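Asker: First the structure, which I've put down as structure tokens, then a few questions once you've had a look.
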Amino acid sequence: MPIPVALVGGLYGCARAEAVDRLLRRHPGAIAIGHGITAGQAERVARDSPGAPLLIIDLGDSVEPRPVAEALARAGHLRLSCVHTALDAGHLPVDICRGDRLAGTCRTATAGDQRHLAEVLARQIEYATSLSLHGGDAEDAELSAAVLGHLAPHTPIVTVPDPTGPTLDVRELAERVDPATAQFPADGRSGEVTTVVWHRLRPLHPGRLFDVMDELVTTTVRSRGRFWLANRHERMLAWDAVAGVVSVRDAGPWLAALPEAAWELVSPARRAAAALDWNPIIGDRVQHLVFTGPDIDHDRICGLLDSCLTDHGDLLPGAAAWARYDDPFARVLNLEEST
């Protein structure tokens, strides 16, 4: 029978150790193995302990849970049952705003690792199926809970993670964070933390958007979503920014750009997400960007983005004029191959 596996991750070693200790106390006979564990190593430990009721893997500071979860899902004798991120309430609100690279901090990172600390922290939070807060005082816990309510509004904050549920489907976990199907937060404000959602049905002018990107990412802490550039009519683009660092990548074709016969090849979640945005003229092409940070100026963010939309006279899908737009994204982010 497959051994259940609980992944415990997060940047904070003391928080992870406490979460692991709570799991061990709750589940006598469980085995915990240390950080830096790869899927192959985890398999060897499990084989040496065939009677273990639960295998707990401490992922280490800089490990993102998604690749480990997907590797474990391919191991037939292991059953992924929990992806938990343990957080330090005293450090989380500061660290999610930090622009430092992991290599420049005390966090463990492999040679040549160019990831940013806040980038890794965001992925650890947003992929998890449960979260816990450790350390800090009551005020820290309140602020951290507010931050998590915006970054991962559908993920419970618990005292002890629960690894007794059904096997987790890594495809469903991926769909929670992938841009085409992600469960983005809604407009809201919790104390100092604000989330602004920008949702529009007109395409973006690439040059205008590029010109305002710096202000958008430096006046907010976390932003993400999917968007539509007028000159890339067939392609969904993914926006991902944290602590002033932004990336834009090709997320594949819009569903409306595919022949109907190909729709059965995409996941039900992808079809459901497209249906929510469906328009009889432009299909599922949409602007859906979400910005989170302290005291964000809602009108300023939305005004900047609205100023980047194409003019009202150019609304027909694939208008010929759009193809002539200068596209700085192609030069800087090497997206030529996606056109």
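Asker: Among 35, 84, 91, 116, which is modelled with pLDDT under 85, closer than 23 Å to residue 152 by Cβ and touching a Gly at 6+ places or on another chain (Cβ under 9 Å)?
Answerer: 35
Asker: I need every pair where a residue in segment 281-292 that is in contact (Cβ under 8 Å) with a residue 12 or more places away in the chain and closer than 16 Å to residue 183 by Cβ has its Cβ under 7 Å from the Cβ of a residue that is part of a loop (DSSP other than H, G, I, E, B) and of a type in the set (A, V, I, L, M), sequence separation at least 6 or different chains.
Answerer: Going by the 7 Å Cβ cut-off, the qualifying pairs are 286/201; 292/221.
Asker: Working only within segment 299-339, note down all residues that are charged (D, E, K, R), at pLDDT 60 or above and open to solvent by less than 80 Å² (accessible area, probe 1.4 Å).
Answerer: Initially, segment 299-339 is screened for residues charged (D, E, K, R), giving 299-300, 306, 311, 314, 324, 326-327, 331, 336-337.
Among the residues that remain, those that are also at pLDDT 60 or above are: 299-300, 306, 311, 324, 326-327, 331.
Listed by number, the residues that qualify are 306, 327.
Asker: Based on what the data block shows, is residue 226 of a type in the set (D, E, K, R) and assigned to a loop (DSSP other than H, G, I, E, B)?
Answerer: Values: of a type in the set (D, E, K, R): yes; assigned to a loop (DSSP other than H, G, I, E, B): no.
Criteria not met by residue 226.
Asker: Right, something else. Which residues, taken from segment 76-89, are crowded, with 19+ Cβ neighbours inside 10 Å and either out of contact with any Ser or Thr (no Cβ under 7 Å at 6 or more places or on another chain) or β-branched (Val, Ile, Thr) (or both)?
Answerer: 78, 83, 85, 88
Asker: Residue by residue through segment 188-199, note down the ones that are modelled with pLDDT of 95 or more and open to solvent by 20 Å² or more (accessible area, probe 1.4 Å).
Answerer: 197, 199
Asker: Right, something else. For the structure I just gave you, tell me whether residue 214 is modelled with pLDDT of 90 or more and surrounded by fewer than 18 Cβ atoms within 10 Å (Cβ to Cβ).
Answerer: Considered against the rule, which asks whether it is modelled with pLDDT of 90 or more and surrounded by fewer than 18 Cβ atoms within 10 Å (Cβ to Cβ), residue 214 comes out as yes.
Asker: Taking segment 64-109 as the region of interest, how many residues are outside any helix (DSSP H, G or I) and touching a residue at least 40 places away in the same chain (Cβ under 8 Å)? Break it down into steps so the answer makes sense when it comes.
Answerer: To start, the set of residues in segment 64-109 that are outside any helix (DSSP H, G or I) comprises 64, 74-91, 96-101, 105-109.
Retained after the next criterion (residues that are touching a residue at least 40 places away in the same chain (Cβ under 8 Å)): 64, 76-91, 96-99, 107-109.
Count: 24.
Asker: Do any residues in segment 216-234 that are more than 16 Å from residue 244 (Cα to Cα) and of a type outside the set (Val, Ile, Thr) have Cβ atoms under 7 Å from those of residues that are open to solvent by 20 Å² or more (accessible area, probe 1.4 Å) and not in a strand (DSSP E or B), where the two are at least six apart or on different chains, and which pairs are they?
Answerer: 230/205; 230/325; 231/323; 231/325; 232/339; 233/317; 233/318; 234/257
Asker: Can we say residue 155 is open to solvent by less than 40 Å² (accessible area, probe 1.4 Å) and free of Cβ contacts under 8 Å to residues at least 24 places away in the same chain?
Answerer: Working: open to solvent by less than 40 Å² (accessible area, probe 1.4 Å): yes; free of Cβ contacts under 8 Å to residues at least 24 places away in the same chain: no.
No, not satisfied.
Asker: Residues 252, 207: which one is touching a residue at least 60 places away in the same chain (Cβ under 8 Å), of a type in the set (Gly, Ala, Ser), under 23 Å from residue 284 (Cβ atoms) and not in a loop (DSSP other than H, G, I, E, B)?
Answerer: On the way: 207 fails: under 23 Å from residue 284 (Cβ atoms).
Of the residues listed, the single one that is touching a residue at least 60 places away in the same chain (Cβ under 8 Å), of a type in the set (Gly, Ala, Ser), under 23 Å from residue 284 (Cβ atoms) and not in a loop (DSSP other than H, G, I, E, B) is 252.
Asker: Residue by residue through segment 1-23, note down the ones that are farther than 20 Å from residue 116 by Cα and open to solvent by 30 Å² or more (accessible area, probe 1.4 Å).
Answerer: 1, 2, 14, 17, 18, 21, 22
Asker: If you take the residues of segment 266-293 that are surrounded by 16 or more Cβ atoms within 10 Å (Cβ to Cβ) and β-branched (Val, Ile, Thr), which of them is nearest to residue 94 (Cα to Cα)?
Answerer: 292
The values are calculated or read from the model by the stated rules, or taken from the named source; none is laboratory data. Every value quoted in this text rests on a predicted model; they were computed, and no experiment measured them. Positions of Cβ are backbone-derived with ideal geometry, glycine not excepted, and every protein chain shown enters the neighbour counts. Just so you know, the surface numbers come from the protein's heavy atoms only, side chains and all, with ligands and any DNA or RNA stripped out. Shrake-Rupley method; radii C 1.70, N 1.55, O 1.52, S 1.80 Å.
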